[in-house]
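Trainee: Got a structure for you, questions after.
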Amino acid sequence: MSATIERFTATSDTNAVCAALELDGAVIVEGLLDLDVVERVNDELEAAIDRADPNEALFNPVMQAFHGPCTKQVTGVPGLSRTFAVDVMCNPMLLAICDRILLPSCARYQLNLGHWLQRGPGADEQWLHRDEAVWSDVPRPHPELQLASVIAFVDFTRENGATRIVPGSHRWPDRQLSPAEQMSGPQPDPDQIAYAEMPAGSAVVYSGGTIHGGGANSTDIPRRGAHLSYTLGWLRTEENNYLSTPPELAATLPRRAQEVLGYALHDSLGRGGGYLGMVRMQDPVELLARGELGTATSGLGGL
Ligand SMILES: O=C(O)CCC(=O)C(=O)O
Ligand SMILES: [Fe+2]
């Protein structure tokens, strides 16, 4: 018997979804995306996925080992697919969950990364991990740093690599240890692992402290998934989203997408803090609106 994850739909009450997320560390939201959104994202990314080489040398071989062989990665997805930026990254249910989980600890949350993970035939199980381990310097215990999801762009089955999740592991005492110490801490038993089997357009949403990993793919169907996560607006993001979706491109997106991408000022003046993310002492999202960002207005050394 494997563990299970509570299931909701896109019209479920956010309070109930968040209550289950807080209790179990993970929920499945079936039908989060309309199938037409799934289709458009698949189409808009087709060329980038075709070009992706699962064996491309990365700056650190650990990054390759982490995802395992046969996995095509496409990063900076909001900069490649407008539908992803607008209808996936700004999905109302995901943002409502972020409001509840992240907003208590920041003035504004932001995209952490939008990463396509296509676990191809032959892919092995990914290492089980906690996503929040990337911020190993933040002292523990700490507030929720991240809200993560893996969204299915084909039906996810146990056989084709559905994400594996350990419900309740966000409450394990070892979460308070450093990431290095956690490696030698308690490891999940096979019957503590749930498989996020779900139809295309659904998502498994989980906390930064929940142990999880991609599954092995023993089928001949590439498992198309998007790892989409959000983090506190004052924390360094995994992907440099300003470079992946530069101002020229961001200017073509709706304001809400620009804000989530991190272009909006993090204004914590009312919380006893200050401003983060200014450009020319202005809010970059306002500069975008006025067409004053993304166009070269000054050169170096008077050029
Ligand atoms: O691909 C998956 O199912 C999980 C990916 C993941 O956990 C990660 O990249 O951090
Ligand atoms: Fe992960």
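The values are calculated or read from the model by the stated rules, or taken from the named source; none is laboratory data. Since we're looking at a predicted model, the values are computed, not measured. Glycine gets a Cβ as well: all are built from the backbone with ideal geometry, and neighbour counts include every protein chain shown.
Trainee: Tell me the residue from Leu147, Leu128 that is touching a helix residue (DSSP H, G or I) at 6+ places or on another chain (Cβ under 7 Å) and not polar (S, T, N, Q), please. Quick ask: steps written out before the conclusion?
Mentor: Numbers: Leu128 fails: touching a helix residue (DSSP H, G or I) at 6+ places or on another chain (Cβ under 7 Å).
Answer to the selection: Leu147.
Trainee: Which of the residues that make up the range 132-162 are in contact with a Gly (Cβ under 7 Å, 6 or more places away or on another chain), of a type in the set (A, V, I, L, M, F, W, C) and closer than 12 Å to Leu228 by Cβ?
Mentor: Within the range 132-162, Ala148, Val150, Ile151, Ala152, Phe153 qualify.
Trainee: Looking at (1) within 11 Å of ligand 1 (Cβ to nearest atom); (2) at pLDDT below 95; (3) hydroxyl-bearing (Ser, Thr, Tyr), can you tell me which one Ser178 breaks?
Mentor: (1)
Trainee: Would you check which residues across the range 186-244 are of a type in the set (D, E, K, R) and assigned to a strand (DSSP E or B) and list them?
Mentor: In the first step, residues of the range 186-244 are kept if they are of a type in the set (D, E, K, R); the result is 189, 191, 197, 220, 223-224, 236, 238-239.
Passing the criteria: Arg223, Arg224.
Trainee: For the structure I just gave you, tell me whether Tyr109 is surrounded by 15 or more Cβ atoms within 10 Å (Cβ to Cβ), more than 10 Å from ligand 1 (Cβ to nearest atom) and either within 18 Å of the chain's Cα centre (by Cα) or free of Cβ contacts under 8 Å to residues at least 24 places away in the same chain (or both).
Mentor: yes
Trainee: In the range 199-230, what residues are crowded, with 22+ Cβ neighbours inside 10 Å and in contact with a Phe, Trp or Tyr (Cβ under 7 Å, 6 or more places away or on another chain)?
Mentor: Once the filter is applied, which keeps residues that are crowded, with 22+ Cβ neighbours inside 10 Å and in contact with a Phe, Trp or Tyr (Cβ under 7 Å, 6 or more places away or on another chain), the range 199-230 yields His212, Gly215, Arg223, Arg224, Gly225, Ala226, Tyr230.
Trainee: If Pro54 meets every condition in (1) at pLDDT 95 or above; (2) touching a strand residue (DSSP E or B) at 6+ places or on another chain (Cβ under 7 Å) apart from one, which number is that one?
Mentor: For Pro54, the failing item is (1).
Trainee: Between a first residue in the range 125-153 that is under 13 Å from Arg175 (Cβ atoms) and a second residue that is away from ligand 2 (no atom under 13 Å from the Cβ) and at pLDDT below 95, which pairs have beta carbons less than 6 Å apart while being 6 or more apart in sequence or on different chains?
Mentor: From the range 125-153, the pairs are Arg140/Gln176; Pro141/Gln176.
Trainee: Could you count how many residues in the range 197-225 are within 12 Å of ligand 2 (Cβ to nearest atom) and either under 14 Å from Val88 (Cβ atoms) or out of contact with any Gly (no Cβ under 7 Å at 6 or more places or on another chain) (or both)?
Mentor: Adding up the residues that qualify gives 6.
Trainee: Mind listing whichever residues of the range 185-198 are surrounded by 12 or more Cβ atoms within 10 Å (Cβ to Cβ) and in contact (Cβ under 8 Å) with a residue 60 or more places away in the chain?
Mentor: Once the filter is applied, which keeps residues that are surrounded by 12 or more Cβ atoms within 10 Å (Cβ to Cβ) and in contact (Cβ under 8 Å) with a residue 60 or more places away in the chain, the range 185-198 yields Pro188, Gln192, Ile193, Ala194, Tyr195, Ala196, Met198.
Trainee: From the list Glu181, Glu239, Glu248, pick out the single residue that is surrounded by 15 or more Cβ atoms within 10 Å (Cβ to Cβ) and of a type outside the set (S, T, N, Q).
Mentor: Working: Glu181 fails: surrounded by 15 or more Cβ atoms within 10 Å (Cβ to Cβ); Glu248 fails: surrounded by 15 or more Cβ atoms within 10 Å (Cβ to Cβ).
Of Glu181, Glu239, Glu248, the one residue that is surrounded by 15 or more Cβ atoms within 10 Å (Cβ to Cβ) and of a type outside the set (S, T, N, Q) is Glu239.
Trainee: Name the pairs: first residue in the range 159-184 and under 13 Å from His129 (Cβ atoms), second residue among the polar types (S, T, N, Q) and crowded, with 24+ Cβ neighbours inside 10 Å, Cβ to Cβ under 8 Å, at least 6 apart or on different chains?
Mentor: Ile165/Thr210; Val166/Thr210; Ser169/Thr210; His170/Ser207; His170/Thr210; Arg175/Ser169
Trainee: To continue, here is another question. Keeping to the range 99-141, report how many residues are assigned to a helix (DSSP H, G or I) and modelled with pLDDT under 95.
Mentor: Selection size over the range 99-141: 0.
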